[in-house]
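**Q** The following block contains the structure, expressed as structure tokens.
The values are calculated or read from the model by the stated rules, or taken from the named source; none is laboratory data. Model, not experiment: these values are computed from the prediction. With ideal geometry, Cβ positions are generated from the backbone for all residues, glycine too; neighbour counts draw on all protein chains shown.
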Amino acid sequence: MRVCLKTCLPLAVLLISAVAFETCAAQSGDPGLPDSVYVDSVVSLTSDNGILPVYIVNDQPLSGLELTMTFDSPDVHIDSFSFVGGRLEGISAASWMTIDTVVTVYCIAYSDLIPIGSGLMGALYVGYQPSVGTQLVTFDTVSIAGSQVEYSTMFSDATSAMFRPQFVPGYLSIVVGGCCLGDRGNIDNSPDDFVDISDLVYLVEYMFEDGPTPACMDEANLDADPGGGIDISDLVYLVDFMFLSGPPPKPCY
């Protein structure tokens, strides 16, 4: 069975950051909440891909923004940046690009300004090979000079005047793991991770009716056969568990 390993930034970090933000705001005369960007920190398996939410806070309307980050591992790459579900979804021009280990996300509001508020900017999708191994990848802001333009992390106010927001880096912790976590049995790969009659039907169709291969074969190896094979003993094991008070599916590890 699969479990969600996503973690939020530690409360202590947020509290410390908030104090720092307030101090900087007081020194600069910035009214209200300080304009800021912070990247979440998550844990991801080597068998999956990483998804890092990015959040923004602005206490004044913005005509645009640019976020430029670098990551310190050659083993990962950026697959995409998604604005779906974020505060910038539907803004006139919003896109992203990568240069080696640097990713730049930008947004230009040609019609309506980005309103005052706080919340999700979007999600950064990070890819890597299953052989990547355990490591901690840092995502921090950076400024780089291109041939004719400089990429950095900047906000633009309603008059298009640019200023630099506060920035809190995030981390992607990649840990070794397979597609099967917890207990086996989620053969149909259902999001709720429950073992029910649909898993039994899926296994029968796979074994006897040319049905689709389970997304995670370890989930179908209910008796934890060391060879990893799926055979009649797994089907018997599942039937015993569901209808005859037999033992539950074996743990994945």
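**Q** Regarding residue 143, is this residue in contact with a strand residue (DSSP E or B) (Cβ under 9 Å, 6 or more places away or on another chain) and modelled with pLDDT of 90 or more? Reasoning before the result, please.
**A** Values: in contact with a strand residue (DSSP E or B) (Cβ under 9 Å, 6 or more places away or on another chain): yes; modelled with pLDDT of 90 or more: yes.
Yes: the conditions hold for residue 143.
**Q** For the stretch 140-154, which positions are over 12 Å from residue 99 (Cβ atoms) and in a loop (DSSP other than H, G, I, E, B)?
**A** Matches in the stretch 140-154: 143, 148, 152, 153.
**Q** While we're looking at this one, here's another question. State all residues of the stretch 195-231 that are exposed (fewer than 12 other Cβ atoms within 10 Å of the Cβ) and under 15 Å from residue 185 (Cβ atoms); if no residue qualifies, say none.
**A** 197 - this is the single residue of the stretch 195-231 that is exposed (fewer than 12 other Cβ atoms within 10 Å of the Cβ) and under 15 Å from residue 185 (Cβ atoms).
**Q** Quick check, is residue 246 outside the structural domain of residue 125 (by TED's automatic domain parsing) and either in contact (Cβ under 8 Å) with a residue 24 or more places away in the chain or touching a strand residue (DSSP E or B) at 6+ places or on another chain (Cβ under 9 Å) (or both)?
**A** For residue 246, the condition - outside the structural domain of residue 125 (by TED's automatic domain parsing) and either in contact (Cβ under 8 Å) with a residue 24 or more places away in the chain or touching a strand residue (DSSP E or B) at 6+ places or on another chain (Cβ under 9 Å) (or both) - is not met.
**Q** Then there's this: Can you pull out the residues in the stretch 61-91 that are within 16 Å of the chain's Cα centre (by Cα) and of a type in the set (S, T, N, Q)? Break it down stepwise before answering.
**A** Pass one, the stretch 61-91, residues within 16 Å of the chain's Cα centre (by Cα): 69, 71, 76-86.
Answer for the stretch 61-91, where residues must be within 16 Å of the chain's Cα centre (by Cα) and of a type in the set (S, T, N, Q): 80, 82.
**Q** Which condition from (1) surrounded by 13 or more Cβ atoms within 10 Å (Cβ to Cβ); (2) touching a Pro at 6+ places or on another chain (Cβ under 9 Å) is the one that residue 158 breaks?
**A** The failed condition is (1).
**Q** Only one of 94, 123 is surrounded by 13 or more Cβ atoms within 10 Å (Cβ to Cβ) and within 14 Å of the chain's Cα centre (by Cα). Can you tell me which?
**A** Values: 94 fails: within 14 Å of the chain's Cα centre (by Cα).
Only one candidate qualifies: 123.
**Q** Mind checking whether some residue in the stretch 84-96 is assigned by TED's automatic domain parsing to the domain that holds residue 44, in contact (Cβ under 8 Å) with a residue 40 or more places away in the chain and either among the aliphatic types (A, V, I, L, M) or assigned to a loop (DSSP other than H, G, I, E, B) (or both)?
**A** no
**Q** With respect to the numbered conditions (1) part of a loop (DSSP other than H, G, I, E, B); (2) closer than 30 Å to residue 60 by Cα; (3) in contact with a Ser or Thr (Cβ under 9 Å, 6 or more places away or on another chain), which one is the sole condition not fulfilled by residue 179?
**A** Of (1) part of a loop (DSSP other than H, G, I, E, B); (2) closer than 30 Å to residue 60 by Cα; (3) in contact with a Ser or Thr (Cβ under 9 Å, 6 or more places away or on another chain), only one is false for residue 179: (2).
**Q** Let me ask you something else. Being farther than 24 Å from residue 47 by Cβ, of a type in the set (Gly, Ala, Ser) and without any contact (Cβ under 8 Å) to a residue 40 or more places away in the chain is true for just one of 190, 233, 198. Which residue is that?
**A** Values: 190 fails: farther than 24 Å from residue 47 by Cβ; 198 fails: farther than 24 Å from residue 47 by Cβ.
Of the residues listed, the single one that is farther than 24 Å from residue 47 by Cβ, of a type in the set (Gly, Ala, Ser) and without any contact (Cβ under 8 Å) to a residue 40 or more places away in the chain is 233.
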